[in-house]
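A short write-up of the structure that comes next.
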Amino acid sequence: MSSLASATTPSRGLMRRIDGVFLTLVLGAAILWFVPIGMGRYGTYVLSLWMVMSIAVMGLNLTLGYAGLKSLAQAAFMGIGAYTTALLTTKLGLNWYASFLLSGAGCFALGLVLGFPALRVKAHYLAFVTLAFSTLVWLVLRNEQWLTGGVFGLSNIPRPTFFGLKTDGALAFHRFTLVITLILALALWWMIRSPWGRAFLALRENPIRAASLGVNIRTYTLLAFAIGSAYAGFAGALYAPLVEFIDPSPFALSASFFLLLMVVAGGSGYQLGPFVGALLGVVLPEWLRFTGGIYLIVFASIVVMLLIACPQGVIGLVERGWLALRRPGKGGAA
Amino acid sequence: MVTRQPEPLRARLRLPFLVDQEKPMAEFLAYLIAGLATGAIYALAAIGFTLVWQTSQTINFAQGEFVMLPAILVLASAQFLGLPMAMAVLVGIVAFILLFGFGFKKVIVDPMIRHGVLPLAIATMALSIVMKEGAKDGFSAEAQRFPSFLPAETITFAGISISLQHVAIIVVACLAILGLQWFVTGTRLGRQMQATAQNPNVALILGIPVAQMVMLTFLINAGLAALASVLISPIYLAKFSNGEVIGLFAFIAAIVGGFNQVRGALAGGLIVGVIDSLAAAYISTSYRLAVPLVLLVVIILVKPEGLFGRPEERRV
């Protein structure tokens, strides 16, 4: 790591930020392990939902924030993951871990199949291909009743066991979700720090220079999209046992739009951004409950204002403020 | 005939009263005309979408909501201001053009375009959510009747039942598009706009007021969307969720047609409309959406510049 880091890292500041990310992830997980005690079933459920959405947003952050691709199918991939896990565990009696891996692998493969033709042409065509895919997935989920239960959905999705320990309770499942989220977040953290990830950062900062240095843009962006989609599959695999009942509506196109908004709200291209974005997207509705149905309008308006003021999102805003405080002369290290 | 599942909203477009099961040709023609009518609506939306894309690199993911909202504004001004219908149409459309032509450009596009295309595209997604939820919470979650200003009767001509409303939609939309085409190619202002669309830098050097021209495309986009809204709402009824399908078909029409031409978007819209209508009639109602989507993927794979586009004109 050190030789590669010194060869390609522009500054020590970046390294510090990455270590900060690692520490924040581990510390945050430790805090979240104990936070739900005394919060009741519903509060714990909201926290778990935050974790699950964070995984999906993390994946989309890789696609959007690092590769600059608009995927409008993240919720559809999440749906594929959720239905795969639900069907495998309820109908075939497969254990959750195998279903989880299959959900992710399936979404990864689908991501490759979808991304390859779209990225062959122009990056923004991926937006339209994923838009079409999203609608197709929704149609299949709704219409193929024999498999997906149609609008009635699938119910009685079992929760996994952890070395013989049941995770049926809200707190136990929350901790289980937390561990999986931490593993996936650290995997992504490691990926972005690896040589592969460094090529990726180079690609984001200056694609033409990266290409001239031998980075194969198409392969890297395609892989980013596929891995991002796999994360949505993983999120879906956790979502199904969390809610224990799934129907097509949370995986519609508007949900994919919403996930993109969470990425930019948190800060696209920042590793902690997805947690902030998902917090805004999942927990904010709870706080805005008194407003009735208009929380979506409030959230979307906040995102638009944030995008106008600071396209780097909340984390970017915090970083900007931090830099201004620490070193008044130096700005824009992101 | 394939078995059909009940679909309340869609069912209205399926013209059961026109279809004579014993005359397959008459049935086909009825579906063809219905498809051309909805296709003309998609074309209006697709043309506005490509104009705005060309002059300002804005991919407007709220385009479907742009077609949904004017009808809601018309009904809202009739209901809340107590205006007679003709007046309400005028007020609603003017309010829409001000808010989502002028306002959209000034408040969202101008401050954001310097951050690049990506944040702007995402801001339009946020806008689509705001418009949709706003229409739902601010006006109604139910589908509302919308008065038709076109003849609604059905005539029988040489054994074929034709809905005059569909024919009128096709005629009005085509007149609007021809008018736009004449404006773009035949007037000085229109040619300046076209120059801006093709190359803003050169247009600026030639002394064309580029900023005003870009604004003009946003106003035209809002105007076309408002026209489409008034034409389609008597059939689809005015509902907050109408934009989803219309927007999707407008994108497909724009890409199929070639993304950079008025006539491409027109042809794309008509093709998508007809395919959608025939797919619903002869393939499957529940998968009618899937057929144009497959067309989209095939076009992207085989001829990504679109049926009528020229590859060298595609800029990103």
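The values are calculated or read from the model by the stated rules, or taken from the named source; none is laboratory data. Everything numeric here is computed off the predicted structure, so don't read it as measured data. Note that each Cβ is placed from the backbone with ideal geometry, even for glycine, and that neighbours are counted across all protein chains shown. When the accessible area is computed, the model is the full protein with side chains, heavy atoms only, and any ligands, DNA or RNA have been set aside. Shrake-Rupley method; radii C 1.70, N 1.55, O 1.52, S 1.80 Å.
Odds and ends about this structure:
- Number of residues in region B:287-309 that are closer than 17 Å to B:GLY35 by Cα and not charged (D, E, K, R): the value is 7.
- Filter pass, A:TYR295 being assigned to a helix (DSSP H, G or I) and modelled with pLDDT of 95 or more: no
- The set of residues from region B:201-220 being polar (S, T, N, Q) and within 19 Å of B:VAL67 (Cα to Cα) comprises just one member, B:THR217.
- In region B:234-253, of all residues being open to solvent by less than 10 Å² (accessible area, probe 1.4 Å) and closer than 16 Å to B:LEU36 by Cα, the one that is farthest from the chain's Cα centre (by Cα) corresponds to B:ILE252.
- Residue match in region B:90-109 (condition: within 11 Å of another protein chain (Cβ to nearest Cβ), modelled with pLDDT of 90 or more, over 17 Å from the mean Cα position of the chain (by Cα) and surrounded by fewer than 17 Cβ atoms within 10 Å (Cβ to Cβ)): yes
- Flag if B:LEU270 is at pLDDT 90 or above and either more than 30 Å from B:GLY138 (Cα to Cα) or surrounded by fewer than 21 Cβ atoms within 10 Å (Cβ to Cβ) (or both): yes
- Where helices (runs of 4 or more DSSP H) fall entirely within region A:205-289, those with at least 1 residues that are surrounded by fewer than 16 Cβ atoms within 10 Å (Cβ to Cβ) are at A:207-212, A:217-243, A:284-287.
- Residues satisfying the stated conditions in region A:26-55, i.e. more than 20 Å from A:PRO241 (Cα to Cα) and open to solvent by less than 20 Å² (accessible area, probe 1.4 Å): A:ALA29
- Qualifying residue in region B:35-43 (condition: within 14 Å of chain A (Cβ to nearest Cβ), at pLDDT 50 or above and open to solvent by less than 10 Å² (accessible area, probe 1.4 Å)): no
- Pairs meeting the criteria (first residue in region A:296-312 and at the interface with chain B (Cβ under 9 Å from one of its Cβ atoms), second residue outside any helix (DSSP H, G or I), beta carbons under 9 Å, at least 6 apart or on different chains) are A:LEU307/B:HIS115; A:ILE308/B:HIS115; A:PRO311/A:SER268; A:PRO311/B:HIS115; A:PRO311/B:GLY116.
- Applying a threshold of 8 Å to beta carbon distances and a minimum spacing of six or more residues, or different chains, the list of pairs starting in region B:90-108 at a residue that is at negative phi and ending at one that is hydrophobic (A, V, I, L, M, F, W, C) and open to solvent by 90 Å² or more (accessible area, probe 1.4 Å) reads B:VAL91/B:LEU81.
- When region B:107-139 is filtered for residues that are under 18 Å from A:GLN312 (Cβ atoms), in a helix (DSSP H, G or I) and small (Gly, Ala, Ser), the ones remaining, listed by number, are B:ALA121, B:ALA123, B:ALA126.
- A single entry from B:ALA195, B:ALA225 fulfils the requirement of being open to solvent by less than 50 Å² (accessible area, probe 1.4 Å), closer than 30 Å to B:ALA135 by Cα and not basic (Lys, Arg): B:ALA225.
- Matching option when the condition is buried (at least 21 other Cβ atoms within 10 Å of the Cβ), over 20 Å from A:TYR231 (Cα atoms) and away from every other protein chain (no Cβ under 11 Å), among A:THR161, A:THR167, A:THR148: A:THR148
- The set of residues from region B:119-133 being over 15 Å from B:GLU244 (Cβ atoms) and not hydrophobic (A, V, I, L, M, F, W, C) comprises just one member, B:PRO119.
- Among residues of region B:113-164 being more than 8 Å from chain A (Cβ to nearest Cβ) and among the acidic types (Asp, Glu), the one that is most open to solvent (accessible area, probe 1.4 Å) is B:GLU142.
- Filter result for B:GLY186 (small (Gly, Ala, Ser), open to solvent by 40 Å² or more (accessible area, probe 1.4 Å) and touching a residue at least 24 places away in the same chain (Cβ under 8 Å)): no
- Of the numbered criteria (1) more than 14 Å from every other protein chain (Cβ to nearest Cβ); (2) more than 19 Å from B:ALA197 (Cα to Cα); (3) surrounded by 24 or more Cβ atoms within 10 Å (Cβ to Cβ); (4) not hydroxyl-bearing (Ser, Thr, Tyr), the one B:LEU69 fails is (1).
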